[in-house]
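So the structure is just underneath, and the comments pick up after that.
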Amino acid sequence: MTTARASAALAEPVERVGRGWTAALSLANGAIWVGWFGPLQILLASQAGDFAPGSGMSKETMLAWVTGAGAVVSLLANPFFGALSDRTTARRGRRTPWIVAGAAGGALSLLLLAGAGGLWTMTLGWCLVQLTLNAAFAAVTAAVPDRVPRLQRGSVGGWLGAAQILGVVGGTGLATAAGGVGAGYAACAVFTVVGVLPYVLRYEDLRLAPEDRSPWSWRGFLASFWLSPRRHPDLAWAWLTRFLINLSNSLVLLYLLYYLRDRLHYSDPDRGVLVLTAVNSLTLMATVVAGGAWSDRVGRRKPFVVWSGVLMAVATAALSGWQTWPGAVVASALLGIGFGVFTSVDFALMTDVLPKALDRGKDLGVINVANALPQVAAPVLAAPIVTYLGGYRVLYLVAAVIGLAGAVLVGRIRGVA
């Protein structure tokens, strides 16, 4: 590895990446999301339904505890492993070793979760899944600002977003079609490992030269995770808008299975979740790549994020006011259109406000807390609303207001058009 090649790890990329690189990284990203969303959409809810009787808590409360604990782990793990990958000087590069280790660890953790026998082993298994897959996810997302020039990040972010939603669909489909909880976890585990192989085997990562790595100290390492809103206001506003819109989306998804079963009395709620996810995915796929590419062409990010957030808020409000199966289908379609544009363009916006090349992985990890923290906050908000404060109608109205606030606050970002 030459010195010039090593120093490229910290340079602002100018050479456009090819389709093969984008496809391989997108597949790796999708594989990680399979490992997350097979459990989140189907398997964890099924286990909670099995374990709740006799436990002294409802299935909703048990699921909230498990997913909340896992989200806390995710919240800490993503920036931590992002920071470690920033400092990695391995021969295979900064990011690839963490993609390999994270995917392998995630697969083993999913198999452990398959053997859970109650609340505590279920919680432990899910926390391990979050820990390991976040190591891989932090490295995958950091590869984009490492290698992709600014005016290509919208389209690359679009393909990563498409892979993300295909991972959600694939995880849901594998969990549903496998024929049982254990088989569902095994199928997700295999796909998670296989999906990262094309990227790690075919594409060389950028290696960080040891002399480019900052001196180590625990105090400095821990202090680096604080990104002052006063010094980096655009990053702070971008983080807040992502948090609010993702919190709204998490409130929609968390009890979707129970909403169909207990509120709409849909005859086959497992199949209903799969249908709604497929509808959402089709409309998302129609906009996620096109939205990112359009943003690249016009050189603007904020208008796309604002209007996609508004559309998602309208769709979420429809779930509150139109509580029928056709209403759920229409809302899923609209949410897909909005979230498709938001996913690609917001990702590009985030990479545009990163402070330093040396800390890309860590800074993106801090930004990705805005993805994980809603998973902690959503159960805390949703469980009492559904149980005591008005049920699903109030839940989805609250979610719509939160999402609309996120869309409006995008206007506070000054350094990005």
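Numbers below:
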read-out: Phe191 vs. criteria assigned to a helix (DSSP H, G or I), modelled with pLDDT under 80 and surrounded by 14 or more Cβ atoms within 10 Å (Cβ to Cβ); value: no
read-out: Residue match in the range 133-140 (condition: hydrophobic (A, V, I, L, M, F, W, C), free of Cβ contacts under 8 Å to residues at least 60 places away in the same chain and buried (at least 23 other Cβ atoms within 10 Å of the Cβ)); value: yes
read-out: Flag if Val66 is among the β-branched types (Val, Ile, Thr), over 20 Å from Thr172 (Cα atoms) and in contact (Cβ under 8 Å) with a residue 60 or more places away in the chain; value: no
read-out: Failed item, numbered, when Ala90 is tested on (1) outside any loop (DSSP other than H, G, I, E, B); (2) at pLDDT below 90; (3) touching a Pro at 6+ places or on another chain (Cβ under 6 Å); value: (1)
read-out: Restricting the range 31-54 to residues that are small (Gly, Ala, Ser) and buried (at least 24 other Cβ atoms within 10 Å of the Cβ), the residue that is nearest to Val129 (Cα to Cα); value: Gly35
read-out: Residue that is most open to solvent (accessible area, probe 1.4 Å), among those in the range 269-297 that are more than 13 Å from Val341 (Cβ to Cβ) and free of Cβ contacts under 8 Å to residues at least 60 places away in the same chain; value: Arg297
read-out: Top-ranked residue in the range 113-132 [being among the polar types (S, T, N, Q) and open to solvent by less than 30 Å² (accessible area, probe 1.4 Å); ranked as nearest to Ala83 (Cα to Cα)]; value: Thr132
read-out: Filter pass, Arg207 being more than 30 Å from Trp322 (Cβ to Cβ) and surrounded by fewer than 19 Cβ atoms within 10 Å (Cβ to Cβ); value: no
read-out: The range 221-253 - residue that is open to solvent by 40 Å² or more (accessible area, probe 1.4 Å), in a helix (DSSP H, G or I) and without any contact (Cβ under 8 Å) to a residue 24 or more places away in the chain and, of those, farthest from Thr89 (Cα to Cα); value: Ala223
read-out: Some residue of the range 104-112 being in contact (Cβ under 8 Å) with a residue 12 or more places away in the chain, farther than 16 Å from Leu84 by Cβ and either out of contact with any helix residue (DSSP H, G or I) (no Cβ under 9 Å at 6 or more places or on another chain) or not in a helix (DSSP H, G or I) (or both); value: no
read-out: Candidates Thr316, Thr283, Thr287, filtered to the one that is in a helix (DSSP H, G or I) and closer than 16 Å to Ser248 by Cβ; value: Thr316
read-out: Output for the range 314-351, where each listed residue is within 19 Å of the chain's Cα centre (by Cα) and open to solvent by 10 Å² or more (accessible area, probe 1.4 Å); value: Ser332, Leu335, Ile337, Phe339, Val341, Thr343, Phe347
read-out: The lone exception for Gln323 - which of (1) under 29 Å from Val66 (Cα atoms); (2) in a helix (DSSP H, G or I) it fails; value: (2)
read-out: Residues of the range 372-391 classified as at negative phi and either hydroxyl-bearing (Ser, Thr, Tyr) or open to solvent by 40 Å² or more (accessible area, probe 1.4 Å) (or both), total; value: 8
read-out: Qualifying residue in the range 10-22 (condition: open to solvent by less than 10 Å² (accessible area, probe 1.4 Å), of a type outside the set (Phe, Trp, Tyr) and either in contact with a helix residue (DSSP H, G or I) (Cβ under 6 Å, 6 or more places away or on another chain) or not in a loop (DSSP other than H, G, I, E, B) (or both)); value: no
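Yes/no matrix, rows are residues, columns are (1) out of contact with any strand residue (DSSP E or B) (no Cβ under 9 Å at 6 or more places or on another chain); (2) charged (D, E, K, R); (3) in contact (Cβ under 8 Å) with a residue 60 or more places away in the chain:
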residue: Val306; (1), (2), (3): yes, no, yes
residue: Val330; (1), (2), (3): yes, no, no
residue: Asp346; (1), (2), (3): yes, yes, yes
residue: Leu364; (1), (2), (3): yes, no, yes
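The values are calculated or read from the model by the stated rules, or taken from the named source; none is laboratory data. As the structure is a computational prediction, the values presented were derived from the model and not from experiment. No Cβ is skipped: glycine too gets one built from the backbone with ideal geometry, and neighbour counts run over all protein chains shown. We work out accessible area using only protein heavy atoms, side chains counted, and drop any ligands, DNA or RNA first. Shrake-Rupley method; radii C 1.70, N 1.55, O 1.52, S 1.80 Å.
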